[in-house]
Amino acid sequence: MMTRADKQQEIANISEKLGKVQAAFLVDYKGMNVEEVTSLRKKLAPVSSEMKVVRNTLAKLALKNYPDMDAALSDQFTGTNAIIFAYSEAPATAKLLREFGETVEELVIKSGVMEGKALDENNIKALADLPSKEVLQAQLLGVLQAPMSKLVRTLNEVPSGLARVLNARKEQLEKQA
């Protein structure tokens, strides 16, 4: 039995974590065994995410400090719930949850919230399909480099063309001699 002080501490803990997140996902873990829950927690750590099993009433109270999140998530708190806190890359966390949900069918992604906006199942799937931050940075770098490399190739073509003309003239003179 939790004391009133324990409940207040739990609410403060959840509220603090919600204040740090880039996104939060609400999942139903009913039917998962301890080994599967532990496996999910271990997989979440490398993508700067964490899973916290929450009491619905305490989580709702913690959400009161964040009206946007409260509006997006509060009506979803029924049954056995855990909140996945995504501290850095929300797409990586969404992808991990989707892949884990494919192998462990008991894990159900109920909803989520990112930047104060509610995410339904389709939004979470779309988020999971986004490339990673590193891939997006590489693509952006490629786009930024394309005009410069095209300019360099164009500028290099002028002396190369002159060299080919001079070489052709040299070969022509050698044939005549």
**OP:** Net charge near GLN22: determine it from the other residues with C-beta under 13 Å of the C-beta of GLN22, scoring Lys and Arg +1 and Asp and Glu -1.
**Re:** +1
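Kindly provide the helix-only [θ] at 222 nm of the chain, computed as the sum of -39,500 (n - 2.57) over DSSP H runs of four or more divided by all residues, to the nearest 500 deg cm²/dmol?
Counting only the DSSP helices, I get -20500 deg cm²/dmol.
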**OP:** Given a cut-off of 30 Å, name the pairs among LYS7/LYS133; LYS60/LYS133; LYS43/LYS110 whose C-alpha atoms lie farther apart than that in the structure shown.
**Re:** LYS7/LYS133; LYS60/LYS133
Original post:
In nm, to one decimal, how far is the GLU35 label point from the LYS175 one, both placed 7 Å along Cα→Cβ?
Top reply: 7.9 nm
Subject >> Long-range tail of P(r) for the chain (Cα pairs > 20 Å, %) >> reply: 62 percent
**OP:** Using Cα pairs closer than 8 Å and at least 6 residues apart in sequence, work out the relative contact order for the chain, in percent.
**Re:** 26 percent
Original post:
Sorted by packing (mean other beta-carbon atoms within 10 Å per residue), highest first, where do 38-46, 166-174 land?
Top reply: 38-46, 166-174
**OP:** Give me the net charge of GLU10's neighbourhood, meaning all other residues with Cβ under 13 Å from the Cβ of GLU10; Lys, Arg count +1, Asp, Glu -1.
**Re:** +4
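Since every read-out is calculated from the coordinates, none of them should be taken as a lab result. Worth saying up front: this structure is predicted, and the values here are computed from it rather than measured. So basically every Cβ, Gly included, is an ideal-geometry build from the backbone, and we count neighbours across all protein chains shown.
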